[in-house]
1. Give all pairs with beta carbons closer than 8 Å in which a residue from the range 26-50 that is more than 12 Å from Thr161 (Cα to Cα) meets a residue that is outside any helix (DSSP H, G or I); count only pairs at least 6 apart in sequence or on separate chains.
2. Modelled with pLDDT under 85 and farther than 30 Å from Leu202 by Cβ - does that describe any residue in the range 102-122?
3. For the subset of the range 142-183 comprising residues that are touching a Leu at 6+ places or on another chain (Cβ under 7 Å) and of a type in the set (D, E, K, R), which member is farthest from Trp30 (Cα to Cα)?
4. Could you please tell me which pairs satisfy a Cβ distance under 7 Å, a separation of 6+ or placement on different chains, a first residue in the range 179-198 that is touching a residue at least 24 places away in the same chain (Cβ under 8 Å), and a second residue that is surrounded by fewer than 10 Cβ atoms within 10 Å (Cβ to Cβ) and of a type in the set (Ser, Thr, Tyr)?
5. Out of all the residues in the range 151-174, which are surrounded by 14 or more Cβ atoms within 10 Å (Cβ to Cβ) and in contact (Cβ under 8 Å) with a residue 24 or more places away in the chain?
6. Report yes if some residue within the range 172-180 is under 30 Å from Ala45 (Cα atoms) and in contact with a helix residue (DSSP H, G or I) (Cβ under 8 Å, 6 or more places away or on another chain); otherwise report no.
7. With (1) touching a residue at least 40 places away in the same chain (Cβ under 8 Å); (2) touching a helix residue (DSSP H, G or I) at 6+ places or on another chain (Cβ under 7 Å); (3) over 30 Å from Ile203 (Cβ atoms) as the list, and Phe148 as the residue in question, which single condition is left unmet?
Amino acid sequence: MGSSSDRLFNRQGTVHQILGGGLAADVILWRHKNSSAGILVVTLAAWVVFEKSGYTLISLVSSVFLLLLTILFFWAKSAAILNRPAPPLPHLHLSEEMVDDAAATIRSHINMLLSISQDIALGKDSRMFVKAAACLLLISAIGSFADFLSLGYISLVTLLTVPAIYERYEDQIDRFAILGYKRLRLLYDRLDRECFSRIQSLILEKKKLS
């Protein structure tokens, strides 16, 4: 492996280490081929069922929960009548500590997002504006071609193929990606120098005049 400067995003570890190095990383990188292939096949089958049956995700989940609750309800009633053991259910409970930790994490991410949005709206971060605009345009383009279910399937297929392909051909991909990044950086610097800087100067001049 080359130095971190020769790698995409200046990463230090391997792809397996970046993905956590556990079972999930093994599945994503096809170290357990049967599990990875099984997930792809099951996901494809579920996607076909959804598309052909006309079921939506909400309706299917509701039907499954209704069936499960009905089975457990009558199981518990019959067990009480026949003096049999009740359904083996775990104790379902969320502790206050778990809720507080989740709320703190969500609040931290929302505050960070709001801070970035404020900087963009006030014209303080031109680079972040370009990144956010590009991401939103990409999401809009993808959303216009696929529904939520298809997007979820495509995302899973991408997760199970792109990292594995990247790990196999990382030297070639890193070389082309870094070259492309340098060219985009030159283009952005030129755009920032010729457009964004002038716009900021005009805004400052208007503020001084007012």
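The values are calculated or read from the model by the stated rules, or taken from the named source; none is laboratory data. Since this is a predicted model, take the numbers as computed values, not measurements. Cβ sites come from the backbone with ideal geometry, for glycine too, and all protein chains shown count toward neighbours.
1. Close Cβ pairs satisfying both conditions: Asp26/His32; Val49/Tyr55; Phe50/Thr56.
2. For the range 102-122, residues modelled with pLDDT under 85 and farther than 30 Å from Leu202 by Cβ: absent.
3. Per the stated criteria, the residue is Asp174.
4. Within 7 Å, no pair qualifies.
5. Scanning the range 151-174 gives Tyr153, Leu156, Val157, Leu159, Leu160, Pro163, Ala164, Tyr166, Glu167, Glu170, Ile173, Asp174.
6. So in the range 172-180, the residues under 30 Å from Ala45 (Cα atoms) come out as none.
No: the range 172-180 contains no residue that is under 30 Å from Ala45 (Cα atoms) and in contact with a helix residue (DSSP H, G or I) (Cβ under 8 Å, 6 or more places away or on another chain).
7. Here Phe148 meets the rest and fails (2).
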